[in-house]
Amino acid sequence: MLLAAARETGLLAHLEAALPRPRAEEAGATRLAHVTPTSGRMLLLTVLFLGVVGLHRTWDLRGYTGAALALLTGRRRAYGYRHVERFLAECAQAGAAAALTDALAGWTAQLWPPRPTVGGSPLPSFYYVDGHRKAVYADHLIPRGLVARRGTVLGCRALVVLHDAAGHPLLVTTQRGDLHLTVGAPALLEQYERVTGALRVAAVVIDREGMAAEFLHQLAAAGRTVVTVLRADQYTGLSSFTQVGAFVPLRYDQQGTVVREVAPARYCLPLPDHPNQTLELCVALVRDLRRHVPCAPADDDLPRYWAADLDPQDRCWWEEGWIATPAPAPATAAKLIPIVTTASLMDPVALAETYFHRWPAQENAIRDFLIPLGLDTNHGYAKVPVVNSEVAKRRAGVEQRLATIQRWAEGARVRAARASALYHRLWTQTKAYGDEQYRRLNHRLCALEEQGLDPYQVKRQTRADKAALDADLKKRWERVGTVYTRSNTEFRKHERYCREQRELLRALEDLTASERTMYELNNDKDQVMSVCKAALSNLVMWARDQYFPVTYRQATWARLAPFFRLPGRVVWGPDTVQVDLCPFNDRQLNRDLAAVCAQVQQRQPRLPDGRRLSLVISSAQRPVLDANYQQVA
């Protein structure tokens, strides 16, 4: 069925057209140049359908004894590990990763064109972008990132996945493990638009990792609408938002009780790269009434006495026989989930539904299809030494701090020298001025005594003149002391900056001594396999929508895999290939299988060789039970 789906949807044509065709006469030509189109298709189908038979890597072919891959590829026996691994390596070496990625984007754009409705319900024309990291355990240091499934920072590969609103994986790219989603998402969107041509991704939903001011500003300037959620450190409560409207019900439980409510609001996001500028966001404030979080107490409640809630007669805790009672519960409030968008105006209910649709549309698709089909498996460990990004980042910070400290030290040295020179000059001037004034005071005293004045009057006049002179000198010496203090302060600053320079230089030498060589993985082989996993997931979804009953519209790979792995017998005819499938042991599954067979008989899909596919349920395996079943029926 999947083989027919690959032909009906045009997947084989897209992938075969994207395969590199090196010339045999070129220098250094590999065996790929001598592969015939038929052999290339067989090898391509082997790589594509590895996940269908439960294999996640080419190495698993060493212990594979089944016949499914042979039937799917049209061979008597499936290819072995060495043939498939060599084909994969040579394709990656010939640059097939970029070509196959573009082919996947073009194929999914044709397979899942934007539709206004699905099942009669409005479908938002939003695309969902998310990052996924898969751990790579290596002896060497490779770029590291947070692997969410393990909750730790490990060496890994970073995948950026694009889904449509129905949960179909449209495009996937493989990058370094330390790639941030705000860097990978714009490149992914530009690549998808470049391949699909007229199709434009105008509205994007991304998780809180994309809540970066400059990232939102750039996408908004490019004419894209972005929906994301604020981080917990970007708001403190309703007071962080403006124009908060009334809350309306958003979700009900089975008893009809409101469990979530939403209200419109506005939020001003500061732009660090653009001082005095903000990005105004439209907000849907979702309040989850089932989850409560502690709220900050009021200012007047902070110095509250620990027994203030007790009656006065019950506060005598020092008396014998005092009985303790439970302390009052802390104040809590319903958990706030602020969903924001760069759109100027959007209905809060629609905005909240659009973001919450990310879980069934993207998170579930990754968990239920891509990962079970082997997306988390690594392929290819070839690597080249690169600059250690972690040490380079720390070194850049230390060097920037060192340059700043050197600039500050030079400024402190100049200011200290100027203050010191000013201090010496002022001290000399003030000392000379004081000596001169005291000499003049003595001269006046002598002059008064020579005039024969009363000694009492001379003494009083002398006291007045000396008090005025002391007040004047005090102001002058205070200025000298201020300059002296400033000189000492700048000198201590200069000393502190010089000491910190030595510490920073020591830190740079320690970084150089402890720096490990970082290796960047060659992701070409892994990207080829990721493209195949994404293409296979789309094939399974397409087959599910076309051939399975309506009750299977939300079925995952775990539920569909038994149908694709049913044993049976294949009868090759000149125009038709009939597959006699062994029935299940469950009556309901047999009814669903009969519906699948009837749908295939009605549509009559064709295999890659042009013959029609026919599915029937075999009764020869259990003739007695089949006869009994017919009698009961």
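The values are calculated or read from the model by the stated rules, or taken from the named source; none is laboratory data. All figures in this text were calculated on a predicted structure; none of them were measured in a lab. Neighbour counts run over all protein chains shown; Cβ positions are idealised from the backbone, glycine included. Each accessible area value is taken on the protein alone, full model and side chains, heavy atoms only, with ligands, DNA and RNA left out. Shrake-Rupley method; radii C 1.70, N 1.55, O 1.52, S 1.80 Å.
Can you compute the charge dipole magnitude of the chain about its Cα centre, using +1 on each Lys and Arg Cβ and -1 on each Asp and Glu Cβ, nothing else charged? Give it in debye, rounded to the nearest 20.
It comes to approximately 1440 debye.
Indicate, rounded to the nearest 5 percent, the antiparallel portion of the DSSP beta bridges found entirely in the chain.
So the antiparallel bridges in the chain amount to around 80 percent.
Tally the DSSP beta bridges in the range 116-240 and give the antiparallel ones as a percent, rounded to 5.
So the antiparallel bridges in the range 116-240 amount to around 80 percent.
Can you give the angle from 0 to 90° between the axis of helix 455-514 and the longest principal axis of the chain, with both taken from C-alpha atoms, to the nearest 10?
Tilt of helix 455-514: around 20 degrees.
Which FRET efficiency value, to the nearest 0.05, do you get for Arg565 and Ala232 by plugging their Cβ-Cβ distance into 1/(1 + (r/R0)^6) with R0 = 45 Å?
0.50
Between Gln578 and Arg418, how many nm apart are label points set 7 Å from Cα along the C-beta direction?
10.1 nm
Between Ala467 and Ala13, what is the label-to-label distance in nm when each label sits 7 Å out along the Cα-to-Cβ direction?
Placing both labels 7 Å along Cα→Cβ, they lie 11.1 nm apart.
Would you mind checking which residues have amide H under 5 Å from Gly568's amide H? H placed 1.01 Å from N; only 5 or more apart, or other chain.
Here Cys582 satisfy the definition.
Where does the charge balance sit around Ala203 when Lys and Arg score +1, Asp and Glu -1, over other residues with C-beta under 12 Å from its C-beta? Mind showing how you got there, number by number?
Values: positive: Arg200, Arg224; negative: Asp164.
It works out to a net charge of +1.
As a test of reading the structure, rank His274, His163, His132 by solvent-accessible area (1.4 Å probe, protein chains only), most first.
His274, His132, His163
Sum up the charges of everything whose Cβ sits under 13 Å from the Cβ of Val47, counting Lys and Arg as +1 and Asp and Glu as -1, but leave Val47 out.
Net of charged neighbours comes to 0.
With all protein chains present, how much of the accessible area of the chain (probe radius 1.4 Å) comes from carbon and sulfur, to the nearest whole percent?
The value for the chain is 52 percent carbon and sulfur by accessible area.
Helix 623-632: angle to the longest alpha-carbon principal axis of the chain, degrees 0 to 90, nearest 10?
Helix 623-632 sits roughly 90 degrees off the main axis of the chain.
Quick one: if the Förster radius is 25 Å, what FRET efficiency do Ala221 and Arg149 give, using the C-beta to C-beta distance and rounding to 0.05?
The calculated FRET efficiency here is 0.15.
At 7 Å along Cα-to-Cβ for each site, give me the label-to-label distance between Ala329 and Trp306 in nm.
So the label points at Ala329 and Trp306 sit 2.2 nm apart.
Between Glu363 and Ala67, what FRET efficiency comes out of the Förster formula 1/(1 + (r/R0)^6) with R0 = 45 Å and r the beta carbon distance, rounded to 0.05?
The value I calculate is 0.80.
Applying the Karplus parametrisation 6.51 cos²θ - 1.76 cosθ + 1.60 with θ = phi - 60° to the phi angles of the range 609-615, what ³J(HN,Hα) value in whole Hz is obtained for each residue in order, glycine and proline being reported as x?
Coupling constants for the range 609-615: 7, x, 7, 7, 9, 10, 10 Hz.
Residues in the range 357-393 near a label at His140, defined as backbone nitrogen under 13 Å from the 7 Å Cα→Cβ point?
So the set is 381-388.
Under the Karplus relation 6.51 cos²θ - 1.76 cosθ + 1.60, θ = phi - 60°, what is the ordered set of whole-Hz ³J(HN,Hα) values for the range 442-450, x standing for Gly and Pro?
5, 4, 5, 4, 4, 5, 5, 5, 5
Taking the Cα centre of the range 239-341 as origin, sum charge times position over the Cβ atoms of Lys and Arg (+1) and Asp and Glu (-1), and report the length of that vector in debye to the nearest 20.
The calculated dipole for the range 239-341 is roughly 680 debye.
Length gain on complete extension for the stretch Thr556 to Arg57, per 0.36 nm per residue less the alpha carbon to alpha carbon distance?
The Thr556-Arg57 span can extend by a further 177.5 nm.
Between Val293 and Ala507, what length comes free when the chain is fully extended (0.36 nm per residue of separation minus the Cα-Cα distance, one decimal in nm)?
Full extension from Val293 to Ala507 adds 72.8 nm.
Specify which residue in the list Gln255, Val244, Phe126 is farthest towards the positive end of the charge dipole of the chain, using unit charges on the beta carbon of Lys, Arg (+1) and Asp, Glu (-1), about the Cα centre.
Going by the Cα projections, it comes out as Phe126.
Just flag the GluC sites (Glu not before Pro) in the range 320-380 sitting in loop per DSSP whose Cβ has no more than 15 other Cβ atoms within 10 Å.
Of the GluC sites (Glu not before Pro), the ones in loops of the range 320-380 whose Cβ has at most 15 other Cβ atoms within 10 Å are Glu320.
Return the long-range amide H neighbours of Ala138 (sequence gap of 5 or more, or a different chain), with a cut-off of under 5 Å between placed amide H atoms.
Result for Ala138 returns nothing.
Short version: ³J(HN,Hα) in whole Hz for each residue of the range 91-101, in order, from phi by Karplus 6.51 cos²θ - 1.76 cosθ + 1.60 (θ = phi - 60°), x for Gly and Pro, what are they?
5, 5, 5, 7, x, 6, 4, 5, 5, 5, 5
Identify all lysines with a Cα-Cα distance to Lys431 below 23 Å; exclude those on the same chain that are fewer than 8 residues away in sequence.
Qualifying lysines at Cα under 23 Å: Lys466, Lys474, Lys475.
Taking a probe of 1.4 Å, how large is the accessible area per residue of the chain, in Å²?
Ligands and nucleic acids excluded, the figure is 55 Å² per residue.
Taking the range 413-457, which trypsin sites (Lys or Arg not before Pro) meet the DSSP loop condition and have no more than 14 other C-beta atoms within 10 Å? Can you show the working numbers first?
Details: sites: Arg413, Arg415, Arg418, Arg425, Lys431, Arg439, Arg440, Arg444; in loops: none.
Here no trypsin sites (Lys or Arg not before Pro) fit, given the DSSP loop and packing criteria.
Let me have the 222 nm mean residue ellipticity of the chain computed from DSSP H runs of 4+ only, each contributing -39500 (n - 2.57), with the sum over all residues rounded to the nearest 500.
Calculated from helices alone, the mean residue ellipticity at 222 nm is -15000 deg cm²/dmol.
Could you state the angle between the C-alpha long axis of helix 524-547 and the longest principal axis of the C-alpha atoms of the chain, as a value from 0 to 90 degrees rounded to the nearest 10?
60 degrees
Which of the trypsin sites (Lys or Arg not before Pro) across the range 513-582 are loop residues per DSSP, with 16 or fewer other Cβ within 10 Å? Each step should come with its number before you reach the end.
Working: sites: Arg516, Lys525, Lys533, Arg544, Arg553, Arg559, Arg565, Arg569; in loops: Arg516, Arg553, Arg565.
Answer in residue order: Arg516, Arg553, Arg565.
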